[in-house]
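As structure tokens, the structure follows; a few thoughts come after it.
Derivation of every value follows stated rules applied to the coordinates shown; laboratory data play no part. From a predicted model like this one, the values you see are computed outputs, not experimental measurements. Note that we place each Cβ from the backbone using ideal geometry, even for glycine, and neighbour counts take in every protein chain shown.
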Amino acid sequence: MFINDDVMKPPICCICGKIFLDNLAEGGKLVYFKKSEEGKEFEEKVKEGFVGHHPDTEWFCKEHLQAAEKYKKLELSEALKLLKLKK
């Protein structure tokens, strides 16, 4: 089994850094974006036993979740550029 350093990313908003591990019920979620080339490679590694945080996903707090979900048809890198401009 291969293990990535990012085996599990805790729920910390990638936009503002808010930690919401203890209050997931209040909002915040892991958002899946359009599959990137890196994401496709990751999924092939998973078939071989690789474990890690999918590169096409990121955590968002409830304040940034709605905006993030508007961009989920984009690759994560593109979406983050747009989201950080709106910050």
- Scoring only Lys, Arg, Asp and Glu (+1, +1, -1, -1) among other residues with Cβ under 15 Å from the Cβ of K40 yields -4
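Could you work out [θ]222 nm for the chain from helices alone, using -39500 (n - 2.57) per DSSP H run of at least four and dividing by all its residues? Round to the nearest 500 deg cm²/dmol.
Working: 3 runs with 31 residues, N = 87.
Roughly -10500 deg cm²/dmol at 222 nm, from the helical runs in the chain.
Based on the Cα atoms of the range 30-71, what semi-axes does the equivalent ellipsoid have, where each is the square root of 5 times one gyration tensor eigenvalue, given in whole Å with the largest first?
Working through the eigenvalues yields semi-axes of 24, 11, 5 Å.
Sorting check: for 27-33, 80-86, which peptide has the highest mean count of neighbouring beta carbons within 10 Å, and how do the rest follow?
Working: 27-33: 17.3, 80-86: 12.4.
Per-residue mean Cβ counts within 10 Å order the peptides as 27-33, 80-86.
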- Query: Whole-Å semi-axes of the chain's equivalent ellipsoid, largest first, each the root of 5 times a Cα gyration tensor eigenvalue?
  - Reply: 23, 17, 9
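Efficiency by 1/(1 + (r/R0)^6): what FRET value for K72 and D22, r their Cβ-Cβ distance, R0 = 22 Å, to the nearest 0.05? Spell out each step's value before the answer.
Working: r = 26 Å, r/R0 = 1.17.
With a Förster radius of 22 Å, E is 0.30.
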- Entries in K34/K84; K9/K35; K9/K45; K18/K47 that, when Cα-Cα distance is taken, lie over 25 Å: K18/K47
